[in-house]
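A short write-up of the structure that comes next.
Nothing in this text is a laboratory measurement; each read-out follows from the coordinates by a stated rule. This one's a predicted model, so the numbers in the text were calculated from it and none came from an experiment. Here the Cβ is made from the backbone with ideal geometry for all residues, glycine too, and neighbour counts use every protein chain on show.
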Amino acid sequence: MSNALPFVDITTPVDTLAKMVAGEYEAVLVKDFKRDKNYIITRSDLADIMIR
């Protein structure tokens with residue numbers, strides 16, 4: 001069984017997210033507390049961001 005995905009705040013910098021998914025996690029759950037929404041950011045999503 002794999003580890004649970006970590007939650008981070010929406011203000012977390014992209015480079016911090018990249019370090020997290022480059023390590024033991026395949027994705028990160030991002031919480032927007034103001035809008036009460038959650039997002040899943042994957043390695044593929046971050047690769048797309050880094051290319052732009």
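Tabulated values for the structure
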| read-out | value |
| --- | --- |
| Sorted by Cβ density within 10 Å, fewest first, the residues Ile41, Ile10 | Ile10, Ile41 |
| Value of D in µm² per second that Stokes-Einstein yields for the chain, Kirkwood Rh from Cα pairs, at 10 °C (1.306 mPa s) | 140 µm²/s |
| Dipole moment magnitude, nearest 20 debye, the chain about Cα centre, only Lys, Arg, Asp, Glu C-beta charged | 140 debye |
| The chain: chymotrypsin sites (Phe, Trp or Tyr not before Pro) in DSSP loop, at most 13 other beta carbons within 10 Å | Phe33 |
| The chain - mean residue ellipticity at 222 nm from DSSP helices (-39,500 (n - 2.57) per run, n ≥ 4, rounded to 500) | -10000 deg cm²/dmol |
| Fraction of antiparallel bridges per DSSP, the chain only, in percent to nearest 5 | 65 percent |
